[in-house]
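A.B. asks: The structure under discussion is supplied below as structure tokens; questions concerning it will follow.
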Amino acid sequence: MRTLNDKVVVVTGGARGLGKAICKRLADDGAKIAIADLLDASETMALCGLSRDRILQKKCDVSSAEDIEALKVEVNSTLGSCDILVHSAGIFPTCPFDELTFELWRKVFSVNLDSAFHLCKAFIPGMKEKKWGRIISISSNTFYIAPPALAHYVASKGGLIGLHRVLAAEYAEFGITANTIAPMLTRTEGAEEYFAQQQEIFDMALEWQDIKRPAEAADIVGAVSFLASEDAGFITGQTLPVDGGTVKL
Ligand SMILES: NC(=O)c1ccc[n+]([C@@H]2O[C@H](COP(=O)([O-])OP(=O)(O)OC[C@H]3O[C@@H](n4cnc5c(N)ncnc54)[C@H](O)[C@@H]3O)[C@@H](O)[C@H]2O)c1
């Protein structure tokens, strides 16, 4: 079903991992796709299979206000103004709090959370004008589990949840919803890199889940597709765990 016919979607972190799978699903839903990532997103462009007038990639550091402004200008002039913002770009280096430097703390906050500030500042005005919009960010169920060595990450992902709860309140009158998704540990390129030396963490995740199989990027995309759709217009300010039954709110 082409539930997102001609909607313009900006997906951050779309070059790989969850973002890449999200781009493919929303393209199949009928959306036009703008991919914002530090990395080259040619593989995602090919995977989406859209004509050149319906997709673009922009090299962009989501923690930079200037890069986000340049992204907005290109999206507006090429695809039209953003209807749906999906913020998936994020980093998740582990580090025990004793060893955590303020530099790493700030780095994680700037990529995971400051980015949401810049993105929302850039794209909400266009949504307000249209009186319709969807803001969806990928948080994490670690906000609820609070595992060790992730204070910086969990705090940044909790910040995303808090931000979206307030965005929901402030922009409901403009037909804009704001929600977060809280995935389980998912075998993406990023997870494989960060946890290369800690493979036991993937087994531990299975113990926590009711559904005893590893999460895949494909498990997340349905939730994004639904929250982006017209059908989800009365759902806002929520965090949806997509985690095989690990967290029950
Ligand atoms: N994979 C998991 O286990 C898991 C679980 C819960 C939540 N998450 C969250 O899901 C999101 C996606 O994770 P993933 O597993 O797909 O990771 P990934 O590393 O596979 O993909 C992340 C993408 O974000 C991009 N990115 C990173 N920093 C950027 C920056 N400053 N500017 C622009 N792009 C940047 C990367 O280049 C990459 O393409 C992250 O926010 C992560 O915190 C992941």
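The values are calculated or read from the model by the stated rules, or taken from the named source; none is laboratory data. Values in this document were obtained by computation on a predicted structure and should not be read as measured data. Every residue, glycine as well, gets a Cβ built from its backbone with ideal geometry; the counts of neighbours run over all protein chains shown. Please note that ligands, DNA and RNA were not included when accessible areas were found on the heavy atoms of the full protein model with its side chains. Shrake-Rupley method; radii C 1.70, N 1.55, O 1.52, S 1.80 Å.
A.B. asks: Whole number in Å², please: accessible area per residue of segment 42-114, 1.4 Å probe, ligands, DNA and RNA not counted.
C.D. replies: 52
A.B. asks: Calculated from DSSP H runs of 4 or more alone, at -39500 (n - 2.57) each and per residue, what is the 222 nm mean residue ellipticity of the chain, nearest 500?
C.D. replies: -13000 deg cm²/dmol
A.B. asks: Expressed as a rounded percentage, what relative contact order does the chain have, with Cα pairs under 8 Å and six or more residues apart?
C.D. replies: Worked out over the chain, it gives 20 percent.
A.B. asks: A further question on this structure: Relative to the longest principal Cα axis of the chain, at what angle does helix 115-130 sit, 0 to 90 degrees, rounded to 10?
C.D. replies: Once rounded, one gets 30 degrees.
A.B. asks: Roughly speaking, to the nearest percent, how much of segment 29-73's 1.4 Å accessible area is carbon and sulfur?
C.D. replies: 51
A.B. asks: For the Cα atoms of the chain, what angle does the longest principal axis make with the long axis of helix 151-171, in degrees from 0 to 90, nearest 10?
C.D. replies: Between helix and principal axis, roughly 30 degrees.
A.B. asks: Return the subset of Lys24/Lys58; Lys7/Lys248; Lys107/Lys212; Lys24/Lys128 for which the Cα-Cα distance in this structure is over 23 Å, preserving the input order.
C.D. replies: Violating the 23 Å limit, Cα to Cα: Lys7/Lys248; Lys107/Lys212; Lys24/Lys128.
A.B. asks: Now a separate question. Specify the inter-centroid distance of segment 73-142 and segment 154-193, based on alpha-carbon positions, in whole Å.
C.D. replies: For segment 73-142 versus segment 154-193, the Cα centre distance is 9 Å.
A.B. asks: Continuing with the same structure: Compute the longest continuous run of the chain that contains no exposed trypsin sites (Lys or Arg not before Pro); treat a site as exposed when its DSSP state is not H, G, I, E or B and it has at most 11 other Cβ atoms within 10 Å.
C.D. replies: In the chain, the maximal stretch lacking such sites is 3-130.
A.B. asks: Given H placed 1.01 Å from N in the peptide plane, which residues other than close sequence neighbours of Gln57 have an amide H under 5 Å from its amide H?
C.D. replies: Counting only residues 5 or more places away or on other chains, the set is Ile35.
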